[in-house]
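As structure tokens, the structure follows; a few thoughts come after it.
Derivation of every value follows stated rules applied to the coordinates shown; laboratory data play no part. Predicted, not measured: the structure shown is a model, and the values here were computed from it. Using ideal geometry, Cβ is built from the backbone for each residue, glycine included, and neighbour counts are taken over all protein chains shown.
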Amino acid sequence: MSTITGKTSLVGLLGQPVNHSLSPIMHNAAYEEMGLDWCYVAFPCDTKNLKKVTTALRVINCKGLNVTIPHKQEVLKACNSLTAIANDIKAVNTLIPEKNNQWIGANTDVEGFLMPLKDKNLINKNAVVIGCGGSARAVAMGLNNLNVKKITILGRNETSLNIFVNNMKNILSKNNILIEGINHEKLNISAYIEEADLIINTTPIGMNRKTTEEKSIPLGRKIWDSLSKKTILYDLIYSPRPTNWLKLGAQSNCLTIDGLDMLVEQGALSIKLWSGFNDVPTETMKSSAKKHLMV
Ligand code: NAP
């Protein structure tokens, strides 16, 4: 990283936890190559402090913020306006400074999610999404763009599940895409897993390296015995790489995708929105992140 001086501008990430995040590594590598005198820092932030922290950072002229687990919906309250996608899915991962010390809420996760799927034909296919939080909303919007036939959302909290499905139904019905929410703690979900063409994990299960193997696999180990090799497994988690869930998928000869390409793409799009520059060195971002994962 270049020397931090009195002229260096601050950009950063708000979430809880953030100590696993590769964003500082890949963002600072990109700024160096782009000649931007910016410094990207990950700030742990509790939900109760989110509004205060975003307001304070805007006042001290922070050039942009990313928002991660668990704040992507809560942060809407800190936005003065939203981009069309962020408004459609009611989830924000990027804050762009605007006049009068305000923030615009944007979402670059949708395009980031689609990046590793760009060569796949998923028209009329069945998709299963595990989790119904902030990034699951971006995933459902991405699946809308891919014209899948049906999206099944698996969640454990029926209130969040219902709000999610009702919100997304309006958007997806325009494309004749079916969506249903299933409480996986109450119903048998084997048939959904067996029939799925694409399964996406949007929960943090698998991120914690210190937990047992059973607890590191979304929905538990047993359900994956019925996995078919035609199914693509996509884990939004990028550290560890691969997760135990993706290892299990590879053992069943499934195509597996981790969250690194998504991370790089959504980060590069955030830099474009903050800087106005179109050329962002995504290869440098990816190689710096990969190098750090190997340490
Ligand atoms: P979030 O808004 O907090 O949503 C997390 C979802 O997972 C919620 O539906 C939550 O359910 C569920 N969940 C959490 N722990 C669970 C458990 N033990 N069992 C069952 N469900 C559980 O978080 P997010 O922002 O969507 O992020 C989720 C994950 O995606 C994180 O690991 C994040 O790093 C990753 N991600 C990666 C990228 C990338 O670029 N690769 C981008 C976005 C997100 P409850 O509401 O019931 O707690």
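Which of these, Gly142, Gly220, Gly15, has the largest mean-square fluctuation under a Gaussian network model of the chain (Cα springs below 10 Å)?
It is Gly220.
Please compute the contact order of the range 111-258 in relative form: average sequence separation of alpha-carbon pairs under 8 Å and at least six residues apart, divided by the residue count, as a percent.
After rounding, I find 21 percent.
Find out how many positive minus negative residues lie around Ala127, taking Lys and Arg as positive, Asp and Glu as negative, among other residues whose Cβ is under 12 Å from that of Ala127.
+1
Note the full-extension length gain between Glu214 and Phe43 as 0.36 nm times their separation in residues minus their Cα-Cα distance, in nm to one decimal.
58.5 nm
Could you size up the charge dipole of the chain around its Cα centre, putting +1 on the beta carbon of Lys and Arg and -1 on that of Asp and Glu, and report it in debye to the nearest 20?
Using Cβ point charges on Lys, Arg, Asp and Glu, the chain gives about 440 debye.
Show that you can apply the helix-only estimate: for the chain, add -39,500 (n - 2.57) for every DSSP H stretch of four or more residues, divide by all residues, and state [θ] at 222 nm to the nearest 500.
-10500 deg cm²/dmol
Just rank Leu227, Leu14, Leu293, fewest to most, by other beta-carbon atoms within 10 angstrom.
Leu293, Leu227, Leu14
Sum up the charges of everything whose Cβ sits under 15 Å from the Cβ of Ile177, counting Lys and Arg as +1 and Asp and Glu as -1, but leave Ile177 out.
My count for the surroundings of Ile177 gives +3.
At q = 0.23, 0.24 Å⁻¹, work out log10 I(q)/I(0) for the range 192-295 with the Debye formula, treating every Cα as an identical point scatterer and leaving solvent out; two decimals please.
Rounded to two decimals, the profile gives -1.17, -1.23.
Identify which of Val18, Val59, Val148 has the largest mean-square fluctuation in a Gaussian network model of the chain, with springs joining Cα atoms closer than 10 Å.
Greatest mean-square fluctuation among the candidates belongs to Val59.
Take every Cα pair under 8 Å in the chain that's 6+ residues apart, average their separations, divide by the length, and report that relative contact order as a whole percent.
The value is 16 percent.
What per residue convex hull volume, in Å³, do the alpha-carbon atoms of the range 246-295 yield?
Per residue, the Cα convex hull of the range 246-295 comes to 87 Å³.
Give me the log10 of I(q) over I(0) for the range 111-258 at q = 0.16, 0.18 Å⁻¹, as the Debye formula computes it from C-alpha points; what are the numbers?
-0.82, -1.06
Relative to the Cα centre, what is the charge dipole magnitude of the range 111-258, using +1 at the beta carbon of each Lys and Arg, -1 at the beta carbon of each Asp and Glu, and rounding to the nearest 20 debye?
Charge dipole of the range 111-258: 100 debye, to the nearest 20.
Using the Cα centre of the chain as origin and beta-carbon charges of +1 (Lys, Arg) and -1 (Asp, Glu), tell me which of Gly181, Thr284, Leu22 is placed farthest towards the positive end of the dipole.
The listed residue farthest towards the positive side: Gly181.
Which of Ile223, Ile271, Ile104 moves the most in a Gaussian network model of the chain with Cα springs under 10 Å?
Residue with maximal mean-square fluctuation among Ile223, Ile271, Ile104: Ile223.
Let me know the volume per residue of the alpha-carbon convex hull for the chain, in Å³.
Taking the convex hull of the Cα positions in the chain, it is 134 Å³ per residue.
Mind pulling the angle between the C-alpha long axis of helix 134-145 and the longest principal axis of the chain? Nearest 10 degrees, somewhere in 0 to 90.
Taking Cα atoms only, the helix is inclined about 70 degrees.
Aspartates and glutamates within cross-link reach of Lys150: Cα-Cα under 13 Å, excluding same-chain residues under 8 positions apart?
Hits, sequence-local ones excluded: Glu180, Glu195, Asp197.
Enumerate the aspartates and glutamates that Lys222 could reach by cross-link, defined here as Cα to Cα under 15 Å, with residues fewer than 8 away along the same chain left out.
Of all the aspartates and glutamates, those that pass the test against Lys222 - Cα under 15 Å, at least 8 places apart if same chain - are Glu185, Glu194, Glu213, Glu214.
Which of Lys125/Lys230; Lys118/Lys247; Lys247/Lys290 have a Cα-Cα distance over 20 Å?
Checking Cα-Cα distances, Lys118/Lys247 exceed 20 Å.
What net charge do the residues around Lys230 carry, taking every other residue with its C-beta under 14 Å from that of Lys230, with Lys and Arg at +1 and Asp and Glu at -1?
0
Take Phe277, Phe43, Phe113 and order them by how many other Cβ atoms sit within 10 Å, fewest up front.
By the 10 Å Cβ count, ascending: Phe277, Phe43, Phe113.
Report, in degrees rounded to the nearest 10, the 0 to 90 angle that the Cα long axis of helix 282-294 makes with the longest principal axis of the chain.
Long axis of 282-294 versus the principal axis of the chain: about 70 degrees.
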